[in-house]
Amino acid sequence: VEPERQVPAPQARTPIDQTALARVSAGDTVVEREIFNEFQQANEGDAALLAQAVTDGDSAEVKRLAHLIKGASTMIGALRLAGVCERIERSNQSGDWNSIKAGMRDFHHEVADLKLYFAELRRATPEP
């Protein structure tokens, strides 16, 4: 009898809310892998653009990109990243660049957690 394959818990606090993810994947690990791959590809570019917009002081782009990343993150269950994006959006609305920059530190931390999670997930669940 082969042992049951389980999705790894690479961190004590996983960056993905499995309940939210199940709403879009129906619990299908192949679908989840595809969702994560698409998210990671899109998010890498969006994250770089958001960082550049903050550096440039481009409030309109910060608003657009933080909102875009928040939506995508919410969809896949990356709720901590979505929350950070929400805080960046609110800080941007009030023109609080110090809070935006502080939020970007949290943003980069959450993105790094997701990258680690996705890498560990790929190692633990090989392609079908």
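The values are calculated or read from the model by the stated rules, or taken from the named source; none is laboratory data. Owing to the predicted nature of the structure, the values given are computational and were not obtained by experimental measurement. Don't worry about glycine lacking a Cβ; one is built from the backbone with ideal geometry, like all the others, and counts go over all protein chains shown. The protein model used for the area step is the full one, side chains on, heavy atoms only, and it has no ligands, DNA or RNA in it. Shrake-Rupley method; radii C 1.70, N 1.55, O 1.52, S 1.80 Å.
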Solvent-accessible ranking of Asp46, Asp17, largest area first, probe 1.4 Å: Asp17, Asp46
Largest-first ellipsoid semi-axes for the chain, taking √(5λ) over the Cα gyration tensor eigenvalues, angstrom: 31, 13, 12
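For the chain, what is the relative contact order in percent, using Cα pairs closer than 8 Å and at least 6 residues apart in sequence? Each step should come with its number before you reach the end.
Values: 115 pairs, mean separation 42.1, N = 128.
Averaging sequence separation for qualifying contacts and normalising by length gives 33 percent for the chain.
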Taking Cα atoms, how many degrees apart are the long axis of helix 59-76 and the longest axis of the chain, rounded to 10 and kept between 0 and 90? 20
Enter the angle in degrees (range 0 to 90, nearest 10) between the Cα long axis of helix 97-124 and the first principal axis of the Cα atoms of the chain, meaning the one along which they spread out most. 10
Using only Cα atoms, tell me the angle between helix 29-56 and the longest principal axis of the chain; keep it within 0 to 90° and round to the nearest 10. 20
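Using a 1.4 Å probe on the protein chains only, how many percent of the accessible area of the chain belongs to carbon and sulfur? Please list the in-between numbers first.
Details: 3890 of 7440 Å².
That fraction is 52 percent.
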Let me cross-check Glu32: its accessible surface, 1.4 Å probe, with only protein heavy atoms counted, in Å² to the nearest 10? 20
Rolling a 1.4 angstrom probe over the protein heavy atoms, how many square angstrom per residue are accessible across the chain? 58
Total formal charge among the other residues, if their Cβ is under 12 angstrom from that of Leu81, Lys/Arg +1 and Asp/Glu -1: -2
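So how much slack lies between Arg122 and Thr55, counting 0.36 nm per residue of separation and subtracting their Cα-Cα distance, in nm?
Details: separation 67, 0.36 × 67 = 24.12 nm, distance 3.28 nm.
Length gained, Arg122 through Thr55: 20.8 nm.
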How much length is gained if the chain between Ala42 and Arg23 is pulled fully straight, taking 0.36 nm per residue apart and subtracting their Cα-Cα distance, in nm to one decimal? 4.8 nm
Report the residues of the stretch 49-75 in range of a label on His108: point 7 Å along Cα→C-beta, backbone N strictly under 16 Å from it. 49-57
